[in-house]
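Below is one structure, written out as structure tokens; the observations come after it.
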Amino acid sequence: MKGIRLLALIGAVLALGLVAGCGDDDDGGGGGGGGDQAAEGGGDTIKVGFLSDCEGAFGSFFEPTASGFNQALIDKAGAKPASKKPSEGVTGATVAGKQIQIVGYGCSDGTADKAIEETRRLVEQEGADILVGPLSGDEGIAVANYAKDHPDKTFINGIAGAQDATLKVQAPNFFRYHPDGAQWSAGLGDYAYNELGWKRAAIIGDDYSFPYTSLAGFVAEYCAIGGKITKRIWAPLGEKDYSSYISQIPDDVDGLYVGIGGSGLINFVKQYKQQRGEVDTDRMMGNVFWDDPLVLKEVGNDLVGGTTSAMTAADSDDPDVTAYIDRLRKSYGKELAGLGPSVFTYGYYTAGQALIKGLEAVNGDISDQKKLQAALAKVRLSGDEAPYGDVRLDENHQAISDVFLKRIVKDKTGDGVADVATFRRIPEVNQTFGGFFTAEAPPPDRNNPTCEKRQPPPWVGKAEEVSFGT
Amino acid sequence: MTASVGRTSWPALGVVVAAAALAPLVFTDFFVSVILTKSLWLGVAAASLIFLSAYGGMVSLAQVGIYGVAGMTFANLVVADGGAAAAWSPWIATIAAIVVAVAVGLFFGVIAARSVGIYFLMITLAFSVLVYYFFSQVTQLSGFGGVNNPDLPSLVGQPGQDPAPLYYTTLVVAVLVFLGLRYVSRAPFGLALQGLRDEPARMRALGFNVTRHRILAFTLAAFIAAVAGVLSVWYNGRIAPGSINLAQTIDILIIAVIGGLYRLEGAWVGALTYALLDNYSREWTPTVGDVLGAERFNTILGVVFLIIVLLSPGGLVGLWERVRGLGGRGPGPPGEVAREPAPAEAAK
Amino acid sequence: MATAATSAERAEPILHLRGIGRRFGGVVAVSDVDLTVRAGERRAILGPNGAGKTTLFNLISGEYPPSTGTVELFGRDVTAAPARTRARMGLSRTFQTSRLFGGLSVEDNLYLAVLGVGDGHLRLVKTGADGELRDKARAMAEDVGLGDRLDVMVSELSHGEQRQLEVGMARVAQPKLMMLDEPAAGLSRAERVTLTETLLALDPSVTLILIEHDMDVALRVAEWVTMMHDGRVIVEGTPAEIRANETVHALYLGSHG
């Protein structure tokens, strides 16, 4: 008796699943088998899946990333925003006469497992031909690996910065049109050693993969030209109290590179100030988090004088940049436009631009995605496609592009929040740092890369001074 | 036969397994993999929790930590991208992974077994958090961005291309776990476990070593969790610290509670419900202004969880039986002996 | 002193308490109790509530250790030994409020009681040995009047049935020393009669220590009575002597008329 009832319960749940599982076949989207791909690809609709994070540490970047990708479709594919909320999608996107359908705005939580589940849902269930995303490091490596197993689909990275996703995985159908986490640090080593005269430096970072990468970019360049790293300090992931790590920072160094992210950075700055009276920013540099709007709002005034770097420059007065911000404002309002210079919005924007260019090159025909992939590998972004600087890919489908050095300066706009002044452009930063990072080298970790003097990266000494605005 | 916490209905089990065996013929590859295979291995993990809870009265949050140890050990012992990549045979790595996780489970059990209630819950939660931080920080083991593409036994083929072999493997393992735990619950070890769930003081007075028994029950559950851990790596094709974080710990608890903490079947009922909700609520979640929308699907999951918990402490399985008007027996909290206060005075 | 005790006095002592005391924080529950019980004896422990009777039971069974003094059981010092060791030496007990396995059947409860004093607590598979244990369990269920309730969950038994099962749980392991804590509590008059008969019919080689408020049960079953008050032993004697004792009357019997 009891068994029969239980059976009926399980049956009911399964039936629910049956409706759901089979329903997708009826949409014509499901399956994921290779057989019907050609027919689909030859149709009038190109299905694109969007993947970002709406949960976890980067959950707040969901709408900004969607706004970036949508804006590319609005700019170049005649799309209109469906609403002021980017994740509601766009209408009327067409490229080369083919309709672009966004089959879903996938939501991961920063973990590789969830990113893959969402990728599978978008690709295998919703029938996406092309996936744009994901957002964060571990996710990027996982999606690149997934791409390798699915050569008949095409994947364009969102803003996941892990070096391995392109350098080691080397999936032929995975493309990244923005610099990785190590590339973002390019130029800082040169500036520290040659301009600021740091002969010895210490580094401090959160003890996980992304800080390893961004610190690796600094170490590789700084040591190559003669700098010495005398101490590497790692604070456990999720640390709230940095005081014991701050006291480990040696006094006999010329400078400190800080690779602490998000809310951890805010705590770090406050505690540093308490412990040492002030944040001696003239001997400090930080990774991409330093000019994050939230960080600036909370502790920006303490960071004034510090140096940071990334592929975007918030203060840029380049006409392409101002036009890009204006277009974002028209589509999604002031708040999201204000995040236009954020690497998150911009990474997805360039991904969208590259996708459209690739599709145009094959005239919208994705019946053979190999052709699309070949076209994508040759895509170069310039002008309004990449307002912060031209982008091209290397043989691993990894972006080569400019990186900016920026200084945190006193408030210029009158909102009480410190601002950013860009002062250097590092041209043509590539992923390998001139052959230093390779697929065979040990991945960045607590002790790697080691600090050795060697052939410096090609951009050392070639930085251009820039000055925007006032 | 004696009445106890649930009994096996062989015809019902047979029909369910037969229906499950036909699933790959009916459903899409995506559904077989992302819904069914995932439900089966999540169910095994939840079953290890439910076994401890239903028969031992111990609600453990350590199961994800233990399956993380098994998963990480497996991924490090075979050829993979990242981690130690020791290049062992996948089968030997599987056995080694289970042995290591069981040893860790035994060690955890020794520490936790003397605690009960909220203290047991907190200690076991600490174990999972400890395992998570260990693998987050020892990147030699967790790789840079996880351990990817581990070598799998040829038995399961390439789950990415054809999910059926892994599905059937997982199905067989799940059925064996279910039957095995059900059998153990009627064997001396399992009956004694239920005894110390109800009255540990009585068990001591009867000659049982209560602490040792709890440690070994925890270790047995660790074995089941370890099996789930290896299956999770086979299913995901990777494992990263994020695979075993606090959110996952809570998800397994939610699965167990949704299904019903008092019946083993609840593990798979809960896992299937969870997998369906997790996947489809993203499409079904209605948009209500800026408050609700597709990206707030977790709200739906939370509401469903809340409704089930409020309606039925016995989860879906308990709810079902209550709806049929046959509560009382079987599911629901293990029976409390009705206690009447002993008359204070001699009744002369 | 008493003629009725002579048979027991000749037998060897199987339980020997010397200067036993137990305090919980600042409260002294049992203080400086000496007690000797000989094999085959029927002993009742009487006293008003709070006299320390149940605490004394817990000290004997090993539920917790004494603060002072020593416990000698079957000729061995077990002061530091846990409850399970004493149980396996042949001591069994019941509890004042039933402590049964509510989620298990009557048969499973009795089965666990037999299993407890034997080997194979950790067996993951059933073997032939379990058949014998279950035979014993079923026979005992029959003995305590629960022969037709074998498959019933204990949480569904009536209070009277649960008290019967309590006694069955203590008897089924064939103990040498059996301690019953108010076995008649909450029973109807008819059930008390049955219980008294059951206790009188016990194997004479089994030693019995009984805490009981019901004088009809206690004084009929016991051949020697220990009277406690405020954690101390105040009088010992035969049932007849106890009935006649002034102090006992003042303290205890008197209050009930």
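Quick look at the values:
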| quantity | calculated |
| --- | --- |
| Of residues in the stretch A:232-273 being among the small types (Gly, Ala, Ser) and assigned to a strand (DSSP E or B), the one modelled with the lowest pLDDT | A:Ala235 |
| Residues of the stretch C:112-138 classified as part of a helix (DSSP H, G or I), of a type outside the set (A, V, I, L, M, F, W, C) and facing another protein chain (nearest Cβ under 7 Å), total | 2 |
| Number of positions in the stretch A:134-150 that are in contact with a helix residue (DSSP H, G or I) (Cβ under 8 Å, 6 or more places away or on another chain), more than 8 Å from chain B (Cβ to nearest Cβ) and not polar (S, T, N, Q) | 5 |
| Test: C:Gly62 is crowded, with 23+ Cβ neighbours inside 10 Å, more than 24 Å from C:Glu12 (Cα to Cα) and within 14 Å of another protein chain (Cβ to nearest Cβ) | no |
| Number of the exception - A:Ala439 against (1) of a type in the set (Gly, Ala, Ser); (2) in contact with a Phe, Trp or Tyr (Cβ under 9 Å, 6 or more places away or on another chain); (3) in the same structural domain as A:Met285 (by TED's automatic domain parsing) | (2) |
| Qualifying residue in the stretch A:186-196 (condition: part of a loop (DSSP other than H, G, I, E, B), within 11 Å of chain B (Cβ to nearest Cβ) and closer than 23 Å to A:Gln398 by Cα) | no |
| Unique residue being hydrophobic (A, V, I, L, M, F, W, C), outside the structural domain of C:His16 (by TED's automatic domain parsing) and surrounded by fewer than 16 Cβ atoms within 10 Å (Cβ to Cβ) when the list is C:Val114, C:Val125 | C:Val125 |
| Qualifying positions in the stretch A:161-182 - farther than 21 Å from A:Lys371 by Cα and more than 9 Å from chain B (Cβ to nearest Cβ) | A:Gly161, A:Leu167, A:His178, A:Pro179, A:Asp180, A:Gly181, A:Ala182 |
| The stretch A:117-132 - residue that is charged (D, E, K, R) and not in a helix (DSSP H, G or I) and, of those, nearest to the other protein chains (Cβ to nearest Cβ) | A:Glu126 |
| Checking A:Lys231 against (1) of a type in the set (D, E, K, R); (2) surrounded by 21 or more Cβ atoms within 10 Å (Cβ to Cβ); (3) free of Cβ contacts under 8 Å to residues at least 60 places away in the same chain, the condition it does not meet | (2) |
| Residue in the stretch B:198-207 that is touching a strand residue (DSSP E or B) at 6+ places or on another chain (Cβ under 8 Å), hydrophobic (A, V, I, L, M, F, W, C) and within 30 Å of B:Gln140 (Cβ to Cβ) present | no |
| Wholly within the stretch B:1-111, helices (runs of 4 or more DSSP H) carrying at least 1 residues that are closer than 17 Å to B:Arg182 by Cβ | B:10-26, B:38-56 |
| Inter-residue pairs, beta-carbon under 7 Å, first under 15 Å from A:Ala162 (Cβ atoms) and in the stretch A:438-453, second among the charged types (D, E, K, R) and in a loop (DSSP other than H, G, I, E, B), 6+ apart | A:Ala439/A:Lys168 |
| Hits in the stretch B:7-22 (condition: more than 8 Å from every other protein chain (Cβ to nearest Cβ) and among the hydrophobic types (A, V, I, L, M, F, W, C)) | B:Val17, B:Ala18, B:Ala20, B:Ala21, B:Leu22 |
| Enumeration of residues in the stretch A:133-169 that are over 12 Å from the mean Cα position of the chain (by Cα), of a type in the set (Val, Ile, Thr) and not in a loop (DSSP other than H, G, I, E, B) | A:Ile141, A:Val143, A:Thr154, A:Thr166 |
| Lone unmet requirement of (1) without any contact (Cβ under 8 Å) to a residue 12 or more places away in the chain; (2) farther than 30 Å from B:Leu246 by Cβ for A:Asp149 | (2) |
| All positions within the stretch C:172-198 that are under 14 Å from C:Arg93 (Cα atoms) and surrounded by fewer than 23 Cβ atoms within 10 Å (Cβ to Cβ) | C:Gln174, C:Pro175, C:Lys176 |
| Residue identified as in a helix (DSSP H, G or I) and under 14 Å from the mean Cα position of the chain (by Cα) among B:Ile215, B:Ile224 | B:Ile224 |
| So C:Glu166, is it assigned by TED's automatic domain parsing to the domain that holds C:Leu59, touching a residue at least 12 places away in the same chain (Cβ under 8 Å) and closer than 17 Å to C:Phe57 by Cβ | no |
| A:Ser467 vs. criteria touching a His at 6+ places or on another chain (Cβ under 8 Å) and either more than 14 Å from chain B (Cβ to nearest Cβ) or in a strand (DSSP E or B) (or both) | no |
| Any hit, the stretch A:93-111, residues being in a loop (DSSP other than H, G, I, E, B) and out of contact with any helix residue (DSSP H, G or I) (no Cβ under 9 Å at 6 or more places or on another chain) | yes |
| Failed condition for B:Phe189, given (1) surrounded by fewer than 24 Cβ atoms within 10 Å (Cβ to Cβ); (2) more than 14 Å from chain C (Cβ to nearest Cβ) | (2) |
| Residue that is nearest to A:Ala354 (Cα to Cα) [pool: residues in the stretch A:80-92 that are assigned to a loop (DSSP other than H, G, I, E, B) and over 24 Å from the mean Cα position of the chain (by Cα)] | A:Gly92 |
| Enumeration of residues in the stretch A:304-342 that are in contact with a Ser or Thr (Cβ under 6 Å, 6 or more places away or on another chain), in a helix (DSSP H, G or I) and crowded, with 24+ Cβ neighbours inside 10 Å | A:Tyr332 |
| Residue satisfying all of: in the stretch C:144-162; among the acidic types (Asp, Glu) and farther than 21 Å from C:Thr97 by Cα; surrounded by the most Cβ atoms within 10 Å (Cβ to Cβ) among these | C:Asp151 |
| Residues satisfying the stated conditions in the stretch B:192-220, i.e. under 16 Å from C:Gly103 (Cβ atoms), facing chain C (nearest Cβ under 7 Å), touching a residue at least 60 places away in the same chain (Cβ under 8 Å) and not charged (D, E, K, R) | B:Gln194 |
| Filter result for the condition that a residue is hydrophobic (A, V, I, L, M, F, W, C) and assigned to a helix (DSSP H, G or I), over A:Ala399, A:Ala421, A:Ala377 | A:Ala377 |
| Number of the exception - A:Tyr348 against (1) at pLDDT 95 or above; (2) of a type in the set (Ser, Thr, Tyr); (3) surrounded by fewer than 18 Cβ atoms within 10 Å (Cβ to Cβ) | (3) |
| Boolean, A:Gly434 is of a type outside the set (S, T, N, Q), under 15 Å from A:Leu167 (Cβ atoms) and more than 14 Å from chain B (Cβ to nearest Cβ) | yes |
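The values are calculated or read from the model by the stated rules, or taken from the named source; none is laboratory data. Here the structure is a predicted model, which means the values were calculated and not measured. Neighbour counts are summed over all protein chains in view; Cβ atoms, including those assigned to glycine, are modelled from backbone coordinates with ideal geometry.
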